[in-house]
1. Any idea which of Glu145, Glu115, Glu153, Glu43 is modelled with pLDDT under 95 and of a type in the set (Asp, Glu)?
2. Would you pick out the residues in segment 72-109 that are of a type in the set (D, E, K, R) and farther than 22 Å from Met52 by Cβ?
3. Can you find even one residue in segment 106-125 that is touching a residue at least 12 places away in the same chain (Cβ under 8 Å), part of a helix (DSSP H, G or I) and of a type in the set (Gly, Ala, Ser)?
4. Considering each residue of segment 65-89, count those that are without any contact (Cβ under 8 Å) to a residue 60 or more places away in the chain, touching a helix residue (DSSP H, G or I) at 6+ places or on another chain (Cβ under 8 Å) and surrounded by fewer than 18 Cβ atoms within 10 Å (Cβ to Cβ), and give that number.
5. In segment 90-118, what residues are under 14 Å from the mean Cα position of the chain (by Cα) and buried (at least 17 other Cβ atoms within 10 Å of the Cβ)?
Amino acid sequence: MKRVFVLAICLGLFLIRIPALYPHCEIPCGIYDDHMRAQMIEEHIATIEKGMKQIVELSAAGEKNYNQIVRWIMNKESHAAQLQEIVTQYFMHQRIKPAAPSEAEKYNDYRHKLELLHRMLVAAMKAKQSTDLEHVATLRRLLEEFNEAYFGEH
């Protein structure tokens, strides 16, 4: 019972202290660094992975350090949210340009990029909900596919 109470308090404090996320401007300013944003996503994925591993390791310990477990949970959540912010606010809102269905090739390309980004959002959401490293693998695969579709890179 004590553990549930401690975790509930920590979760409540986390929800109160959700950090503000500052997206790239929507003026538009014309200052974009798409490669940097993709690298930031990659870094967020690595941090989510480390957080998951630390949560599992600390949870398996004989004497649990709930403070550290909660800190890693909050960190994992924060990085997943920042990844989602880059995907939506930067790429979906500003960089992926809509195409008319009458322009079949451009429209298919547009839909493919949106689908990859949406799948990344879902995988990030699932990464928040668990410590299943399969979600990290999915995020990495989707980022690689998106980089190929967006930049023409492998």
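The values are calculated or read from the model by the stated rules, or taken from the named source; none is laboratory data. Keep in mind that what you see is a predicted model, and the values were worked out from it rather than measured. Counting neighbours? That spans all protein chains shown, and the Cβs are built from the backbone with ideal geometry, glycine included.
1. One residue alone meets the criteria, Glu153.
2. Arg95, Lys97, Glu103, Glu105, Lys106, Asp109 - these are the residues of segment 72-109 that are of a type in the set (D, E, K, R) and farther than 22 Å from Met52 by Cβ.
3. The initial filter retains those residues of segment 106-125 that are touching a residue at least 12 places away in the same chain (Cβ under 8 Å), namely 109-110, 112-114, 116-117, 119-121, 123-125.
Now drop any that are not part of a helix (DSSP H, G or I), which leaves 109-110, 112-114, 116-117, 119-121, 123-125.
So of that shortlist, the ones also of a type in the set (Gly, Ala, Ser) come out as 123-124.
Yes, that holds for at least one residue.
4. Residues that pass the stated criteria total 4.
5. Those that are under 14 Å from the mean Cα position of the chain (by Cα) and buried (at least 17 other Cβ atoms within 10 Å of the Cβ): Tyr90, Phe91, Leu116, Leu117.
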